[in-house]
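Beneath this line is the structure, given in structure tokens, with notes to follow.
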Amino acid sequence: MKLSSALTTFFVGVVGAQRPDRFSRHPKLWMFSPNGVQVYTPDGSQEVSSIAPDQACHDIGTPDEPNLRCYWADAISDGHKYVWATVWRGHDVVDVFHMDTGKLIGSFGTCGAPRDLDYHPLREEIWVHCSDFSDMESSHMDVFSSASPSAAAETRVMLHNNTEARSYGKLVVHDSLGDVAFSTVYGQSYIYRINLAEKVVEKSISMDNGNPKLSGLYEMAYNPKNRHLYVRSQVCCTCGFEGADTLECGRYGTANVTVDGVEYQGQCGRHCAGGPADTIGVFEFDTVGEKLIGNHAFVGSSGVDTPFTSPDGEFVIFFGLNGGKQIDILKPGANGEMSMAYKTLDMDFNSTIAEDISAFDDFAWVQTADKNLFVVASATDFKLALVDMSQSDPAVEYITLSDKTFGPDDRIRDRQIEWVQGSNYVWVSGRTEAQVYVVDIVKKEVVKTFTDVEANKLVSVKSRQYENIADMVNQVFDENGVWEARVPAQQEAPAQAAPARPMSDPLPSSEDVANSAVSSANSALSDSESSGSSNTLSIAALAISCVAIVAVVTNFYMSQQKQASDDTIAGKKSQVPPSVA
């Protein structure tokens, strides 16, 4: 039996024995829809868990007229223990599910009309951005401990006091920002700097660039490479009269808007996106110097829509308000320097249905040892595009999702795209046609289609606990020379063999290795206790019991192999065991 197989067998045996009713350690795809919550294997071939709407959602009706609403606003995974979700309207709660069982553990009260969720891994906190009216709330945000959802945390994050506006917006948290976060509020032209420790707004930073039609900020992306924010502006536009920005005001009506101190009939915000007045685009903001660097106004001749950044910060992506015709790729420079245009991609999507809207509202970036690509799917077409960024001239390949077509009366809805981490599968939602597609991006084909399901949220969920345990075992083995003893010395010439380990230099005893392993694991446990993380404590506690036994088994195995052969065998560091599901 090889060493790696012994470690795998050991881990699978321990974990399987202690968790018989839980999922395997492989990633899963969680689907949130009006049908409740379903959990699937990456290729969609097996449903491993399901929660019916009456258990997962909330009744917003009356005893005489019940109304079970199951429309999900947001859902995220903390990567350790829980999956968190918010439901549109009716109940001011956050639903928390156990990622290893798929079961709902509770619904916890939060601020009014909870909307967006963000996870800060270093602080082990879930931040909730709510959207209720300002004068109805004592805080526009709430904070949960990802280790203990029921633990109370007092917040006083007031984004705009003494106004009648709603508070919904976007929040950016990141390790590189330290103890600070940044937020926007729809219809407000400020970036709000939030102190994460004190849980208060420290500063409101005006983004007024002198354009009289600027009305607010909303969508936002952060690039850790240059530590810049990319913030989508909002404008006011005039309509309904000769000389206005547009003659037609559309179905949403009009309001009095002020431009250069003069009141006009018009609209603001998303109703003006892509129109003649929408010429500001995306602001680029330096979070270090807290200053405006510049703005990116157009993708081709169209307005810029939502900005995105690659996970490693090497690229910034701008989708255009052009029906999916073009995508701009930028390269970030040094901190404080404007990002520069890199490539413009002409996309082969059907744009005849709506030529002045954003066909993209989501994407998935796949970065592995052999892949560096992002995936987009147009809301106006039944095709998926794979954009290979591993070469200087990005290559685009298309995969057909379905032979369906949109009818003239169909309501165009954005598609969500989710890569199941560590797999070859990407999931694509289709709320208009009530379908979800599972795509193998290696074989470049659809492997499964779910019908009669309007998925609001798709979430890739992967537990990091197994990787953490393997890393701790590796660290202990490194410190005690286990791996070094298994790796052959570098040979200078074929004729020069590595000298055999002399018999006078025996391997460490099982007791010595075990004691050292326990000591290292206890040290990790002590560090965990000081951080106050119960999740890390559980990992460290398990490591204490596991590492010592593995060390003894490994040392015994090594001694047996040494007796059997004088050859030196190259060892591999422990890997997370494969699924036993």
query = Given a Förster radius of 35 Å and the C-beta distance between V453 and A369 as r, what FRET efficiency does 1/(1 + (r/R0)^6) yield to the nearest 0.05?
reply = 0.60
task = Label segment 143-229 by shape, choosing from rounded, prolate and oblate, from the square roots a ≥ b ≥ c of the eigenvalues of the Cα gyration tensor; if a/c is under 1.5 it is rounded, and otherwise prolate applies when a/b is larger than b/c, oblate when it is not.
result = oblate
message = With +1 assigned to the C-beta of every Lys and Arg and -1 to the C-beta of every Asp and Glu, and no other charges, what is the dipole magnitude of segment 90-218 about the Cα centre in debye, to the nearest 20?
response = 320 debye
remark   = Carbon plus sulfur, as percent of the 1.4 Å-probe accessible area of segment 99-252, comes to 45 percent
ask   = So for H296, H140, what's the accessible-area order with a 1.4 Å probe, most first?
value = H296, H140
remark   = Hydrodynamic radius by Kirkwood for segment 375-472, inverse mean 1/r across distinct Cα pairs, in Å, is 14.9 Å
ask   = With charges set only on the Cβ (+1 for Lys and Arg, -1 for Asp and Glu), what does the dipole of segment 236-289 come to about its Cα centre, in debye to the nearest 20?
value = 260 debye
ask   = Roughly what would the spin-label model give for D175 and R156, points 7 Å off Cα along C-beta, in nm?
value = 3.3 nm
Theoretical gain in end-to-end length, S390 to S402 [0.36 nm per residue, Cα-Cα removed] = 1.5 nm
query = Relative contact order for segment 114-213: what is it in percent, counting Cα pairs under 8 Å that are at least 6 residues apart?
reply = 20 percent
ask   = With every protein chain left in place, what is the accessible area per residue of segment 290-433 in square angstrom, probe 1.4 Å?
value = 42 Å²
ask   = Which of K325/K383; K28/K81; K28/K383 have a Cα-Cα distance over 20 Å?
value = K28/K383
message = Net charge around P27, counting only other residues with Cβ within less than 13 Å of its Cβ (Lys, Arg = +1; Asp, Glu = -1)?
response = 0
task = Would you tell me the accessible area of K203, worked out with a 1.4 angstrom probe on the heavy atoms of the protein chains, in Å² to the nearest 10?
result = 90 Å²
query = Is any residue of segment 200-240 close enough, with backbone N under 13 Å, to a label point placed 7 angstrom from the Cα of R123 along the Cα-Cβ axis, and if so, which?
reply = 200-202
note = A chain fully extended from K203 to S45 at 0.36 nm per residue, minus the present Cα-Cα distance, gains in nm 51.9 nm
query = At a 1.4 Å probe, what is the % contribution of carbon and sulfur to the accessible area of segment 407-469?
reply = 36 percent
note = Residue span T344 to N195: 0.36 nm per residue of separation minus Cα-Cα distance leaves a gain in nm of 49.9 nm
key: Per-residue ³J(HN,Hα) for segment 307-324, Karplus 6.51 cos²θ - 1.76 cosθ + 1.60, θ = phi - 60°, Hz, x for Gly and Pro   = x, 9, 10, 6, x, 8, x, 6, 9, 10, 10, 10, 8, x, 7, 9, x, x
ask   = Quick one: Cα centre-to-centre distance for segment 66-119 and segment 382-456, in angstrom?
value = 25 Å
key: Around C272: net Lys/Arg minus Asp/Glu count, Cβ-Cβ under 9 Å   = 0
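The values are calculated or read from the model by the stated rules, or taken from the named source; none is laboratory data. The model shown is predicted, which means the values in this text are computed figures rather than measured ones. Note that each Cβ is placed from the backbone with ideal geometry, even for glycine, and that neighbours are counted across all protein chains shown. Note: accessible area is taken over every heavy atom of the protein model, side chains too, but ligands, DNA and RNA are not part of it. Shrake-Rupley method; radii C 1.70, N 1.55, O 1.52, S 1.80 Å.
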